[in-house]
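Please read the structure below before turning to the comments.
The values are calculated or read from the model by the stated rules, or taken from the named source; none is laboratory data. Small disclaimer: the values here were computed from a predicted structure and weren't measured. A quick note on method: Cβ atoms are made from the backbone with ideal geometry, for glycine too, and the neighbour counts reach across all protein chains shown.
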Amino acid sequence: MNTAVIDLSANSHDFLISEVPNGLLGESSLVDLAFQAISRIDTQYSPIVLVGDQETGLCRWINLAISLAKSLKSQNSISTFTFRGREFSQSVNHAVTTKSLGEFRERLDDHQIIIFEYPSQLKVNQTAYTELIAMIDRARTTDQLIIVTMEASLIDQESKGDPLLSRLSDGLLLKIAQPPVRLKASYLTERLAVWLPDVDTKLIAQILQRPIATWSQWKRCIEKIEADLMTTGHWSADLEAYLTEEVEVLEPKLIGQHVSRIGKIKWSDLKGHSRRQSLVRMRGVCIYLIRELTSTSFESIGNLLGNRDHSTIIHAYRKIESSRHNDIELETLLEDVCRSLKTSLPNKPNFEEV
């Protein structure tokens with residue numbers, strides 16, 4: 001694959017990056033290649049699959065590239081269509097039910113860019129699974145760019161022989177662990193434009209190259225810099241002061257709320273008494289992390305989660321504990337919650353020493 005980086009137009013928002021020496025920002029050239037492929041609607045890399053947590057801001061980054069594409073073409077005629085979560089499956093099922101699948105395909109084929117933002121996992125026997133494969137195959141013969149964002153748990157699972165993941169891997173597949181530099185630079189430019197002419201370019205490069213896990217952390221960092229510029233007119237050389245996060249006290253309810261957000265369920269459902277398998281699993285994750293990250297007793301955890309008996313809580317805790325050694329998806333989920341809480345995931349238990 002040709003990974004040569006093409007210079008973007010001088011009138012784009014990327015003037016800051018163009019002044020930074022190559023390699024200083026410490027980001028893979030493939031990340032920039034993906035951005036440029038989107039901004040030029042270059043279909044030779046389609047599908048572009050971006051693997052990373054939603055907190056990395058990948059969807060904003062894609063929209064930034066599409067906005068640049070429109071400015072490069074000096075028109076707003078670029079047609080895009082976005083599916084979020086379960087929307088694709090729901091749309092396909094509706095089209096099948098109403099016998100309008102042909103019309104559905106025609107509508108999508110009219111768009112230059114199709115975006116799938118964190119689609120739900122598709123099973124091999126689902127109609128939507130087959131339809132997505134057909135869409136990717138059609139896109140290869142047209143000038144259509146397909147972009148997919150997904151979390152690592154969907155791509156890391158055992159998938160040998162999976163036709164869909166095989167097709168996704170045939171394009172440009174990247175794992176992105178933090179907000180891309182162009183996204184960070186764009187927000188920095190947007191918020192600090194008035195002061196930037198007086199700021200040392202090296203200082204800008206230093207803040208851009210520092211690793212930062214989430215988009216919300218980057219926003220808070222820039223807000224701190226903006227506050228300094230407004231009050232003192234200067235940008236401190238002490239970059240750590242801008243990047244250091246205030247540590248939240250890990251209260252049991254806070255942990256539960258983060259589990260709910262990562263698991264895309266309601267906090268009330270987590271406390272409820274539904275025995276749906278997905279909810280039982282997330283409830284177990286909540287119990288396990290509260291116990292591991294705080295000094296909360298099993299009895300108190302039971303009271304927090306719908307007044308459950310402490311023996312039920314112990315059983316749920318031990319089930320998650322014993323599953324950590326052989327359940328990759330569970331381990332990824334635990335890591336995602338701990339990252340969201342800005343804390344480290346406790347080590348796996350060593351049952352041989354027990």
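In table form, for the structure just shown:
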{"read-out": "Top-ranked residue of the range 212-235 - restricted to ones that are of a type in the set (Ser, Thr, Tyr) and either at pLDDT below 80 or part of a helix (DSSP H, G or I) (or both), ranked as farthest from Leu192 (Cα to Cα)", "value": "Ser216"}
{"read-out": "Yes/no for Ser89 being buried (at least 20 other Cβ atoms within 10 Å of the Cβ), farther than 19 Å from Asn63 by Cα and either assigned by TED's automatic domain parsing to the domain that holds Thr56 or in contact with a Phe, Trp or Tyr (Cβ under 8 Å, 6 or more places away or on another chain) (or both)", "value": "yes"}
{"read-out": "Members of the range 46-59 found to be closer than 19 Å to Ala139 by Cα and either surrounded by fewer than 21 Cβ atoms within 10 Å (Cβ to Cβ) or of a type in the set (A, V, I, L, M) (or both), listed by number", "value": "Ile48, Val49, Leu50"}
{"read-out": "Qualifying residue in the range 317-328 (condition: farther than 20 Å from Glu55 by Cβ, crowded, with 19+ Cβ neighbours inside 10 Å and more than 24 Å from the chain's Cα centre (by Cα))", "value": "yes"}
{"read-out": "Any hit, the range 31-39, residues being of a type outside the set (A, V, I, L, M) and in a loop (DSSP other than H, G, I, E, B)", "value": "no"}
{"read-out": "Positions within the range 57-88 being assigned to a helix (DSSP H, G or I) and at pLDDT below 90, in sequence order", "value": "Ser67, Leu68, Ala69, Lys70, Ser71, Leu72"}
{"read-out": "Number of positions in the range 266-280 that are crowded, with 19+ Cβ neighbours inside 10 Å and either modelled with pLDDT of 90 or more or within 19 Å of Asp327 (Cβ to Cβ) (or both)", "value": "0"}
{"read-out": "Residue within the range 105-114 that is assigned to a loop (DSSP other than H, G, I, E, B), surrounded by fewer than 18 Cβ atoms within 10 Å (Cβ to Cβ) and at pLDDT 90 or above present", "value": "yes"}
{"read-out": "Matching residues in the range 123-146 - criterion: being within 18 Å of Ile48 (Cβ to Cβ), of a type in the set (A, V, I, L, M, F, W, C) and not in a strand (DSSP E or B)", "value": "Leu132, Ile133, Met135, Ile136, Ala139"}
